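K.L.:
Got a structure for you, written out below as structure tokens; questions coming shortly.
The values are calculated or read from the model by the stated rules, or taken from the named source; none is laboratory data. Quick caveat, the model's predicted, so the values are computed rather than measured. Ideal geometry is used to build each Cβ from the backbone, glycine not excepted, and the neighbour counts take in all protein chains shown.
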Amino acid sequence: MIYPIPVDRQPPRATSDEIDLYIRTYYSLLRSSGDVRVRAFEEAHLYARSSLHLGAEEPAPDLAAFSYSAGRLPECMPRIRRVVLGQSPRQFRAAGFPIEQWEVVRTRGRRRPLRWDGGSTLAAFIASASDIDDLVPIVTAYQLEWNKLRERLLAARISDVADDGELAAAIGDDDAVLRLRGALGLRSNAILTDMLAHDCDLFVRLLDGSFREYQRSAQRWWKAISPAVPTGRPVYFVSSNSHSLANLLGGYARAHKDEILEFLRRRNFEDLAPRYDEAVAAADHGLATNILYYALRAFIHEPGTETAGRMTQVQESDAASGIRAIPSPGKIDVDAQVIELSMLRPEKLDPRVQIPGIERIVESPAVIVNIDYPLGMAAYHHLSSISQGVDELRGIYIMGKAATLNGRVGDVMISKVIHDEHSSNTYMFRNALVAGDVQPFMRHGTVLDNQKALTVRSAFLQNREYMDVFYREGYTVMEMEAGPYLAAAYEIAEPRRHPQNQLVSLVDQGSFELGIIHYASDTPYSRRQSLLSKSMSYFGMESTYGCASAIARRIFASELARLNG
């Protein structure tokens, strides 16, 4: 049995008065049945002094915060005046929003189902309260910085938005212009023209935010996945992304290396062709293979009628290795993969995951269910739904991005203590992964184990004082999913709901294995270049595939031990 331990020495407060006020403000306002003006959130947003929006109160535009926000909103955002939040198509229809007829739009930095009516209304699906905690500060920061930029441009009497010299004089320097155009994307001139024409005055409406509806959404999601999971088979659950395990286990990119390289040399996007050659010359085969994996997506989606069938070819190749992709199950934008170990082709596996005796993996009855990691509390709902639908769960492995308070972008962190802001619980557990599992696949980044992680409600819902408290207590990793996953894991192991404000030991639970690993995408303390404001590009591939290789090897080792035992 797992017993929560009352906390004699209270852990650090998992929030601050300023953040508490901000959260209370927008949740109380969103109870309204009508539209709520985003201007109503601005004062609390400024008072929170978010570490991602340090220049919020300054008259000069905070281009880092604007870039972060714009990257997590769709390109149509300059035309939007109302954002409607809901949990299901039924809710939107009942409120008079026929979203099935609307255009699907996406963002560069956040996976969230979005629909646009082609005019001024954007519909956003929310899978948990974390989506509200994430989206409201993003929209508020976007509005604040849009209006500050507009004031600067008007004051400078910009006559030609395409003239970078004029823009530099208005907002700072050439680097500022580059960052602004990067935030606005390919339509930057048109958006800047819009910015001169009107201010940003957004409205938000929440159709429903009940716990019951979140559970229903997760159940609908699992119902769309479950037919692909063979009945009665043991399951390993992995939360990572939609590409790493498929590339490592399916082998398509390595089998089609020549075609992908020809594409790279012809297109040379991100200057990857010479980088590949340099990696081969340096005998850095891991980096060379990672570049192939990274280029595969662009290769698949290369425009042209002769390339139209590439996605089908990849899916058919993966299916031959027992890898079945299920995109947006239940119309929820958390892709899933079901991988049958008995159908894997050992000769097609990436060398990094080939362990002694791997040829026997085809005798394993086990299945991997890999999902494209959800945001925040959605992790709790999704794992809970999976656990109710499978007979035996042998392992839970979580891989995701995090901010590091003591490392560098690209480092890997492995924690054994996690404080969860949602439940105020501090979880201790035996992590199945250690530094030695990942370090062999890392040439540039550092692997740090025995860390302590903090699960935050939102990237914006933290400030310098808040981080200082936890840093003094030895917390060096900040992320958004581990706490909710551990809450679900507790309920899988125990016949009761997870507690609140307790010290919870999962060290002695023996029903399944726990492995949690993060790679650093941001360094909020140092304010060095952050990958949260842009794609990690191929630079993130080393840590991504290092982590994924460690998880795959751990699953293989576990199954081979059972077969040999």
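K.L.:
Applying the selection to segment 394-411, what residues are at pLDDT below 95 and of a type in the set (A, V, I, L, M, F, W, C)?
P.N.:
Answer for segment 394-411, where residues must be at pLDDT below 95 and of a type in the set (A, V, I, L, M, F, W, C): Ala402, Ala403, Leu405, Val409.
K.L.:
While we're looking at this one, here's another question. Looking only at segment 474-497, filter to residues that are buried (at least 24 other Cβ atoms within 10 Å of the Cβ) and touching a Lys or Arg at 6+ places or on another chain (Cβ under 9 Å); which one of those is modelled with the highest pLDDT?
P.N.:
Filtering segment 474-497 for residues that are buried (at least 24 other Cβ atoms within 10 Å of the Cβ) and touching a Lys or Arg at 6+ places or on another chain (Cβ under 9 Å), the one modelled with the highest pLDDT comes out as Ala487.
K.L.:
Arg31 versus (1) modelled with pLDDT of 90 or more; (2) of a type outside the set (Val, Ile, Thr); (3) more than 29 Å from Trp221 (Cβ to Cβ): which is the lone unmet condition?
P.N.:
Result: Arg31 passes all but (3).
K.L.:
Looking only at segment 244-283, which residues are surrounded by fewer than 16 Cβ atoms within 10 Å (Cβ to Cβ) and among the acidic types (Asp, Glu)?
P.N.:
Scanning segment 244-283 gives Asp258, Glu259, Glu262, Asp271, Asp277, Glu278.
K.L.:
Right, next: Do the conditions hold for Ala288, that is, is it at pLDDT 95 or above, in a helix (DSSP H, G or I), among the small types (Gly, Ala, Ser) and within 27 Å of Asn370 (Cβ to Cβ)?
P.N.:
no
K.L.:
Which residue out of Arg187, Arg220 is in the same structural domain as Gln354 (by TED's automatic domain parsing), in contact (Cβ under 8 Å) with a residue 12 or more places away in the chain and basic (Lys, Arg)?
P.N.:
Of the residues listed, the single one that is in the same structural domain as Gln354 (by TED's automatic domain parsing), in contact (Cβ under 8 Å) with a residue 12 or more places away in the chain and basic (Lys, Arg) is Arg220.
K.L.:
Also: Among the residues of segment 413-468, how many are touching an Asp or Glu at 6+ places or on another chain (Cβ under 9 Å) and without any contact (Cβ under 8 Å) to a residue 24 or more places away in the chain?
P.N.:
Residues flagged as touching an Asp or Glu at 6+ places or on another chain (Cβ under 9 Å) and without any contact (Cβ under 8 Å) to a residue 24 or more places away in the chain within segment 413-468 amount to 3.
K.L.:
Yes or no: segment 167-174 includes at least one residue that is among the hydrophobic types (A, V, I, L, M, F, W, C) and within 23 Å of Asp335 (Cβ to Cβ).
P.N.:
Taking segment 167-174 first, the residues among the hydrophobic types (A, V, I, L, M, F, W, C) are 167-171.
From the residues that got through so far, the ones that are within 23 Å of Asp335 (Cβ to Cβ) too are none.
Checked segment 167-174: no residue is among the hydrophobic types (A, V, I, L, M, F, W, C) and within 23 Å of Asp335 (Cβ to Cβ).
K.L.:
Considering (1) part of a loop (DSSP other than H, G, I, E, B); (2) surrounded by fewer than 20 Cβ atoms within 10 Å (Cβ to Cβ), say which one Glu43 fails and leave the rest.
P.N.:
(1)
K.L.:
Hey, another quick one. Among the candidates Leu167, Leu184, which residue alone is within 30 Å of Ala378 (Cβ to Cβ), of a type outside the set (Asp, Glu) and in a helix (DSSP H, G or I)?
P.N.:
Exactly one of Leu167, Leu184 is within 30 Å of Ala378 (Cβ to Cβ), of a type outside the set (Asp, Glu) and in a helix (DSSP H, G or I), namely Leu184.
K.L.:
Still on this structure: Would you check which residues across segment 55-77 are surrounded by fewer than 21 Cβ atoms within 10 Å (Cβ to Cβ) and either free of Cβ contacts under 8 Å to residues at least 24 places away in the same chain or in a helix (DSSP H, G or I) (or both) and list them?
P.N.:
Gly55, Glu57, Glu58, Ala64
K.L.:
Within segment 183-214, restricting attention to residues that are basic (Lys, Arg) and surrounded by fewer than 17 Cβ atoms within 10 Å (Cβ to Cβ), which residue is nearest to Ala60 (Cα to Cα)?
P.N.:
Arg187
K.L.:
Here is a follow-up. For segment 139-182, how many residues are under 27 Å from the mean Cα position of the chain (by Cα), buried (at least 16 other Cβ atoms within 10 Å of the Cβ) and aliphatic (A, V, I, L, M)?
P.N.:
Final tally of qualifying residues: 5.
K.L.:
Another question about this same structure. Check Gly232 against each of (1) without any contact (Cβ under 8 Å) to a residue 40 or more places away in the chain; (2) surrounded by fewer than 16 Cβ atoms within 10 Å (Cβ to Cβ) and name the one condition it does not meet.
P.N.:
Evaluating Gly232 over (1) without any contact (Cβ under 8 Å) to a residue 40 or more places away in the chain; (2) surrounded by fewer than 16 Cβ atoms within 10 Å (Cβ to Cβ) leaves (1) as the failure.
K.L.:
Would it be correct to say that Arg37 is modelled with pLDDT of 95 or more and touching a strand residue (DSSP E or B) at 6+ places or on another chain (Cβ under 9 Å)?
P.N.:
yes
K.L.:
Kindly evaluate Val136 against the criterion of being part of a helix (DSSP H, G or I) and either within 21 Å of Leu29 (Cβ to Cβ) or within 16 Å of the chain's Cα centre (by Cα) (or both).
P.N.:
yes
K.L.:
I've got another one for you. Taking Tyr471 as the residue in question, decide whether it is modelled with pLDDT under 90, surrounded by 22 or more Cβ atoms within 10 Å (Cβ to Cβ) and not charged (D, E, K, R).
P.N.:
no
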